[in-house]
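Below is one structure, written out as structure tokens, with a few remarks after it.
The values are calculated or read from the model by the stated rules, or taken from the named source; none is laboratory data. This structure is a prediction, so every number in the text was calculated from the model and none was measured. Cβ placement follows ideal geometry from the backbone for every residue including glycine, while neighbour counts extend to all protein chains displayed.
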Amino acid sequence: MKVRKELWFGGTLMAVILVTVLTLTPWSGLFDGHLGKEDLGTLGLLMLALIVVAIMLGFPTAFTLMGMGVFFAWLAYYSVNPKLAVPQTLDLFVQRTYGVMSNDVLIAIPLFLFMGYLVERAQLIDRLFRSLHLATSRVPGSLAVATIVTCAIFATATGIIGAVVTLMGLLAFPAMLKAGYNVKVAAGAVTAGGCLGILLPPSVLLIVYGATAGVSVVQLYAGAFFPGIMLASLYIGYIIVLAKWRPQLMPPLAESERRVPLPPLAQTLSRQGSNPLIVLWRAFSGGAAAKHSVLAQFVVTLIPALAIVAVLGVAYRSATAPEAEASAAGLIQAGGEFAAAATSQEQDTGLIGQPAPEAEKTEPGVTEPPAEAPKELGATPAAEQPAEAGTAEPPASTAEAVTDRPAGTTQEGGATPERLPVPIWYWIVLAIGVAAITLIYRLWNWERLEVFKLLLTSFFPLAMLILAVLGSIVFGLATPAEAAAVGAFGGFVMVIAYRYIAHLRGGAGGPFSGAVIGGTLREFGTLIKESSFLTARTSAMVCWLFVGSGIFSAAFALLGGQELLEKWVLSLDLTPVQFMLLAQFIIFILGWPLEWTEIIIIFMPIFIPLLPHFNIVPLFFGLLVALNLQTAFLSPPVAMAAFYLKGVSPPHVSLNQIFAGMIPFMGWQIVAMFILYTWPQIGLWLPHTLYK
């Protein structure tokens, strides 16, 4: 019987591991119960190697972490006091499990997952892809561009990688193949676009990293916004250039596929002129027969102008708002110790992080280390130390500043302060806005109006949900868990609304008929059941991973593995740049055989304590890690995105073709990492501006 190459490889790998373990294990110390410090450190490194190999061979990650953690923790305790080894190991297991259960940051994970599964089942993705396809029909590689944009928007609304890749594999991938697109290019666009949810908020990866590293999830969300847009822009730019350079890979769409069918009212009015704004106004003022329909179309036509005017109005009010000198000293004095304790507790949970004044004077991201490294490597760097709240006694003058005064008066009892002069930059913005309105309505026609209506019915609900969730998080109106709860409720509403509209358009009856309402409620119950099951399964996986990681990292620290690695890294005498390159290279290599959850859970606790020595901000390090870990979904042999797409692709599409299509996009991920490393303000400007 001929043995497959995979079995030979697996057997050889297992033999090498077993020989290495048998050779390096301090057997004499194990049998007599007296392990030295060096022996324990060797066991810690062996444990780290064994867990990587076990995961590569397909063992369940969470339970493998727990099993190895318990066994090696027992060895560490047994080397000190054999009689207390078992109860101490069990105490460690209970403490780590309770620590995960009491972590408030992790509450956001099941809520975001539930929101994502509901949005996925609201059947918005097909409508959104169709409208974006028509909107970009004249752009080179329009189908691939529409795929990337749809994936970015859908990932921002869900954050679930597998759902985005699978849905786009069912919707966009066959459409691109039918249009004559190269299989590799089409596969690369679907997989790379679907993986944007790793970086774009509400990313579950950022929540897991924040909980592991003790970094504010709010600041991570704010920091990941612009790098995510940058990466999506690099993908789109690559597709457009490739389509112009080699048009045979992405043939232009036929003219018939670019045309948008007009409804009867638009067909009638289009004979009176090509500009809908002018024709609709004439029809409305002239007393058209379908006056309500004409008015509705006219209002829809005015929406772009109204949106630009609203933005200009908000910009004017913020630019000319008088400088208010408000003091909260009296409020702090009134709040007393309770306010200080609450602030301290929020900082400890990683929801609030405010850089110290010293950090603003240094280069963000990576700076040269100080003359003397901190004594405690696990100490928080200066850029992440929160300012103490409520500890200083406010001056008497400021404490008396907050008094009961009538609204609209100053402290001296005068009138409302005058607005500031209009700055020059506002006139530039105003000119750009006027030019945009003029250009939009100069190019406006009936087909573009129909495309805009499609975008309005598909993109607008998602945009409102995204703004409600991410806006409340970034601007400090709600914690991630509270915003996720709002998003889950929004998913409820979207599922009911779109299922109701689908039944109503299907001709099941009138708006209040029993068939429409009953069918909607039946489908809603089924979707809620499926979403709840998927949410419970994924949340349980993440929580068990945290439990296993806690036990594993505790055993690793007990054996001295963390100390041994720290001494080795510090002995290399690396600069911050060299350490950052080394760390990101290790994470990049680990992304080939391991998934992002395993890398964050297992290896981040090893890197995080080393950051203070090199004066690296954990927030910036987390953004680079999130950008780097996209390779875990795009790099073979694991490359989960490839397997997601293969599961829904036609039979003639091979896994090797999907892998080949993902390689160029993985290269653009590396380019994005270097851009972010060179200009760290891309990721740090927004969190520093909002939370300074």
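Quick look at the values:
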read-out: Top-ranked residue in the stretch 463-475 [being modelled with pLDDT under 80 and surrounded by 15 or more Cβ atoms within 10 Å (Cβ to Cβ); ranked as nearest to the chain's Cα centre (by Cα)]; value: V474
read-out: Tally, over the stretch 247-273, of residues that are surrounded by fewer than 11 Cβ atoms within 10 Å (Cβ to Cβ) and of a type in the set (S, T, N, Q); value: 2
read-out: First in the stretch 113-133 and under 19 Å from V149 (Cα atoms), second anywhere and assigned to a loop (DSSP other than H, G, I, E, B), Cβ under 6 Å, 6 or more apart; value: G116/G159; G116/I160
read-out: Among (1) surrounded by fewer than 18 Cβ atoms within 10 Å (Cβ to Cβ); (2) in contact with a helix residue (DSSP H, G or I) (Cβ under 8 Å, 6 or more places away or on another chain); (3) in contact (Cβ under 8 Å) with a residue 24 or more places away in the chain - the single one P82 does not satisfy; value: (2)
read-out: Residue that is nearest to the chain's Cα centre (by Cα) [pool: residues in the stretch 243-292 that are over 30 Å from G661 (Cβ atoms), polar (S, T, N, Q) and not in a helix (DSSP H, G or I)]; value: N275
read-out: Candidate set from the stretch 642-676 (those that are crowded, with 20+ Cβ neighbours inside 10 Å and of a type outside the set (A, V, I, L, M)); member that is nearest to A187 (Cα to Cα); value: G661
read-out: Any pair with Cβ under 8 angstrom, 6 or more apart, that starts in the stretch 137-161 at a residue that is over 24 Å from T631 (Cβ atoms) and ends at one that is at pLDDT below 80 and part of a loop (DSSP other than H, G, I, E, B); value: S137/L253; S142/L253; L143/L253
read-out: Yes/no for L564 being without any contact (Cβ under 8 Å) to a residue 60 or more places away in the chain, farther than 23 Å from V100 by Cα and either in a helix (DSSP H, G or I) or among the hydrophobic types (A, V, I, L, M, F, W, C) (or both); value: no
read-out: Filter result for V577 (of a type in the set (V, I, T) and under 25 Å from the mean Cα position of the chain (by Cα)); value: no
read-out: Failed item, numbered, when S256 is tested on (1) small (G, A, S); (2) over 30 Å from S203 (Cα atoms); (3) at pLDDT 80 or above; value: (3)
read-out: Residue within the stretch 179-191 that is closer than 24 Å to L534 by Cα and modelled with pLDDT of 85 or more present; value: yes
read-out: Number of the condition not met by M230 [criteria: (1) crowded, with 21+ Cβ neighbours inside 10 Å; (2) within 28 Å of A468 (Cβ to Cβ); (3) among the aliphatic types (A, V, I, L, M)]; value: (1)
read-out: Residue selected from the stretch 208-222 under the condition of a type outside the set (F, W, Y) and farther than 18 Å from I599 by Cβ, by the criterion farthest from the chain's Cα centre (by Cα); value: S216
read-out: Single residue of the stretch 623-638 satisfying the filter (within 17 Å of G58 (Cα to Cα) and surrounded by fewer than 24 Cβ atoms within 10 Å (Cβ to Cβ)) that is modelled with the highest pLDDT; value: P636
read-out: Selection within the stretch 59-70 - under 12 Å from L558 (Cβ atoms) and surrounded by fewer than 22 Cβ atoms within 10 Å (Cβ to Cβ); value: V70
read-out: Test: residue in the stretch 500-513 that is over 27 Å from the mean Cα position of the chain (by Cα), in a helix (DSSP H, G or I) and touching a residue at least 40 places away in the same chain (Cβ under 8 Å); value: yes
read-out: Unique residue being farther than 23 Å from T597 by Cα, of a type outside the set (D, E) and modelled with pLDDT of 80 or more when the list is W74, W8; value: W74
read-out: Criterion (under 22 Å from the mean Cα position of the chain (by Cα), in the same structural domain as P636 (by TED's automatic domain parsing) and part of a helix (DSSP H, G or I)) met by exactly one of V165, V185; value: V165
read-out: The lone exception for P202 - which of (1) part of a loop (DSSP other than H, G, I, E, B); (2) within 29 Å of G683 (Cα to Cα); (3) in contact with a Ser or Thr (Cβ under 7 Å, 6 or more places away or on another chain) it fails; value: (3)
read-out: Residue match in the stretch 677-692 (condition: surrounded by fewer than 24 Cβ atoms within 10 Å (Cβ to Cβ), over 19 Å from S203 (Cα atoms), touching a Pro at 6+ places or on another chain (Cβ under 9 Å) and modelled with pLDDT under 85); value: yes
